[in-house]
Amino acid sequence: MYSMTAEEFNISELLPQKDPFIMVDRLIYYDPVITKTVFKVNDDNLFCHDGVMEEAGLIEIIAQTCAARMGYKEKTEAHRDGVIKIGVIGMIKKMEIFRNPYVGEELETTIEIMADAFNATLVETKIESGNETLATCEMKIYLTDKTPG
């Protein structure tokens, strides 16, 4: 298994998604409860139109932050096999979008684990640009047995 810190991983090692659908640039923090990622909004992003990211892009950033967490756990915990698996969004609740991000903004996404049992994880989330909160929600992710390929 790896002995690298979260910041040292290439994000493509942690996510089942592939370009051009990667919505996380770096995993910047991980502990058993909190995970943080960053993502710079580029004008060629699939969810950007006229310099603004759509709401669906924010949802995908949250889901991929969850995926990065699971990928990191797979790569670093001794009792795991290191294989990245595909997750699916099972629920989005209490979604609030205060502002859509603009091209050029760097977003920091934080997920906090509220419950993690079997193949389901419930998280509270926050996406920020600087000190401004752009979006929050609760999300439930289900991990499948499927792998990318």
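What is the helix-to-structure angle for 55-76, meaning the angle in degrees between its Cα long axis and the longest Cα principal axis of the chain, kept from 0 to 90 and rounded to the nearest 10?
Once rounded, one gets 20 degrees.
Peptides 44-54, 8-18, 101-111: what's the order by average Cβ count within 10 Å, highest mean first? Could the numbers behind the result be given before it?
Details: 44-54: 14.7, 8-18: 16.5, 101-111: 18.8.
Answer by packing, highest mean first, reads 101-111, 8-18, 44-54.
Rounded to two decimals, what ratio of Rg to Rh does the chain give with C-alpha atoms and a Kirkwood Rh?
On the way: Rg = 14.5 Å, Rh = 15.4 Å.
Rg divided by Rh gives 0.94.
Please give the per residue accessible area of the chain, computed with a probe of 1.4 Å over protein heavy atoms only, in Å². Walk me through the intermediate numbers first.
Details: 7780 Å² over 149 residues.
For the chain, the solvent-accessible area averages 52 Å² per residue.
Which whole-Hz couplings ³J(HN,Hα) result when phi for each residue of the stretch 79-90 is put into the Karplus expression 6.51 cos²θ - 1.76 cosθ + 1.60, θ = phi - 60°, listed in order with x for Gly and Pro?
For the stretch 79-90, the Karplus curve yields 7, 9, 8, x, 8, 6, 10, 8, x, 10, 6, x Hz.
Once phi is turned into ³J(HN,Hα) by the Karplus curve 6.51 cos²θ - 1.76 cosθ + 1.60 with θ = phi - 60°, what whole-Hz value does each residue of the stretch 20-33 show in order, with x for glycine and proline?
Computed from phi, the couplings for the stretch 20-33 are x, 9, 7, 10, 9, 8, 8, 8, 9, 7, 8, 9, x, 10 Hz.
Considering only protein heavy atoms and a probe of 1.4 Å, how much of the accessible area of the chain is carbon and sulfur, as a whole percent?
Working: 3940 of 7780 Å².
Using a 1.4 Å probe with all protein chains present, the chain comes out at 51 percent carbon and sulfur.
The values are calculated or read from the model by the stated rules, or taken from the named source; none is laboratory data. Everything numeric here is computed off the predicted structure, so don't read it as measured data. Glycine gets a Cβ as well: all are built from the backbone with ideal geometry, and neighbour counts include every protein chain shown. These area figures cover heavy atoms from the full protein model, side chains too; ligands, DNA and RNA do not enter into them. Shrake-Rupley method; radii C 1.70, N 1.55, O 1.52, S 1.80 Å.
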